[in-house]
Amino acid sequence: MTAPGVPSFGMDEELKKKLVVTLMAILIYRIGAHITAPGVNVTALAAFISQSAAAGFFGLYDTLGGGLSRATIFALGIMPYISASIIFQLAGGIVPTVGKLQKDEEGRKRLTQWTRYTTVAISLAQAYTFALFTESIPGAVVAPTFWTRMIMVITLTTGAIFVMWLGEQITERGIGNGMSILITISILEGVWPGSVQLVTFVKDRIVSPIGAVFLVGTIVASMAAVTGVTMAARRIPIQIPRKVMGRGRIREGQKTFIPIRLLTANVMPIIFAQAIIIVPGTLASFTNNPLMSDISNFFVPGGWAYNIIFAVMVVAFSYFYTAIIFNSVDISENLKKQGGFIPGVKPGAATADYIDNVLARITLPGALFLAIISIVPIIVSQRVGFVAQFGGTSVLIVVGVLLDTMAQIEQHRTLRKYDSFMKSGRVKFRGRQQRYI
């Protein structure tokens, strides 16, 4: 039996509250992702999207949650917020004013407010565009009028703002990574229906048993590879010398390191590349332009042109995004202020150049891995004859978020154990140190 006052499963009350808040937010999000917006015929909408060139665009949105192809009240999901966050994140490396705001607490709060306002503006634009799109589909909207369009815009915009609020609640009051967790749950929700569909295809002999085993093996191998590469990092050694602090206090020398992850940019290069490569198909669906249709047919997922262009874009965006989020000059300046240095490297500009060289060498294998892990599942699915819902991008997102979430939970438990130890322990001091207690 558990002793009184000892939390069950090694969780204290605060961690339990965080988990409850997280689970409640996830439940509300998934319920809203299955409630259709008023006045929309889902059957006609889904049938048109499945046959249109914009299927890749809607598939990307559905993968990141919300249910755009079903026109739910959370159809826009967290994509408006992600778009707004990326805008200000990239602006930090281009616009000096935004870069300064990112370095202090008050500036980050102001950027958070700007991100929210930008999210609202993006949601309004996307909601209005989607309302026009649904009205252009025969039978998708019953008796379309100006007011039905406004109802659609208000519903989708409100849903996007509410989803943003849910993600912030998970980040502030839950276990953290609110937006990422919502995306992960949306992806995992499609695993069970996809598995049932695969079994049905095997029973109906549409997919061979060997092909199904090969497909599942590819997904499992991708998860194992992503787990290893996500945790892989190049450690740059740092030496902090001994320093006299005053009043007889001495800071002992330390040996530490700067971890540079192999996947510094994480999944963002794939999302950027997908967002660009589906533009021709989306424009062809919205404009009915013959030129756009020809370009869209050229970039068929799994084709040689698609794979080559997509791989090149992933590598290019990996270097671009890594350069934006990883500032070697700031790191070298902070080391210089603390008196730290890299053994064998001069402080200042030489340290920044050394870090840049290491980062450039590390980014290339990580970028190539991202390109391979995003293309191989598509090729395997085509060869097997079954479109897997759990592709390379989904694997990257799910594995990365789950590893980060587990680390945060473990960190919380470790801190609580440390606090409990400090409160229950009795440490006695002798001599001069007792006067300062």
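By the compact-protein rule of thumb, 2.2 N^0.38 Å, the alpha-carbon radius of gyration of region 365-405 corresponds to a ratio of 1.27. Placing +1 on the Cβ of every Lys and Arg and -1 on the Cβ of every Asp and Glu, with nothing else charged, gives region 43-137 a dipole about its Cα centre of roughly 280 debye.
Across the options Gly99, Gln89, Pro138, the greatest Cα extent toward the positive end of the charge dipole of region 11-189 (unit charges at beta carbon of Lys, Arg, Asp, Glu) belongs to Gly99. At a Förster distance of 30 Å, what's the computed FRET efficiency of Arg413 paired with Glu105, Cβ-Cβ distance as r, to 0.05? Between Arg413 and Glu105 the formula returns 0.65.
Taking 18 Å as the cut-off, the amide N atoms of region 72-86 that come nearer than this to a point 7 Å along the Cα-to-beta-carbon line of Ile35 belong to 72-78.
Simple spin-label estimate for Thr97 and Arg361 gives 4.1 nm between the two label positions (7 Å along the Cα-to-Cβ direction from each Cα). Determine the shape class of region 11-189: with a ≥ b ≥ c the square roots of the Cα gyration tensor eigenvalues, call it rounded for a/c under 1.5, and otherwise prolate if a/b is greater than b/c, oblate otherwise. Oblate is the answer for region 11-189, as a/c is 1.5 or above yet b/c matches or exceeds a/b. Potential lengthening of the chain between Leu27 and Ala47 amounts to 4.4 nm, from the contour at 0.36 nm per residue minus the alpha-carbon distance. Cut-off under 15 Å on the C-alpha distance; same-chain residues fewer than 8 positions from Lys346 excluded. Which aspartates and glutamates are left, in chain and number order? Once the sequence-local aspartates and glutamates are set aside, what remains near Lys346 is Glu333, Asp356.
Quick one: which of Lys255/Lys336; Lys18/Lys109; Lys255/Lys337; Lys17/Lys100; Lys103/Lys336; Lys18/Lys100 span more than 25 angstrom between C-alpha atoms? Result: Lys17/Lys100; Lys18/Lys100 exceed 25 Å. The magnitude of the dipole of region 11-189, with charges of +1 and -1 set on the Cβ of Lys/Arg and Asp/Glu and taken from the Cα centre, is near 200 debye.
All of the numbers you see were taken from the coordinates with simple rules; none came from a lab. Bear in mind the structure is a predicted one, so any value in this text is a computation, not a measurement. Reconstructed Cβ throughout: ideal geometry from the backbone, glycine too, with neighbour counts over all protein chains shown.
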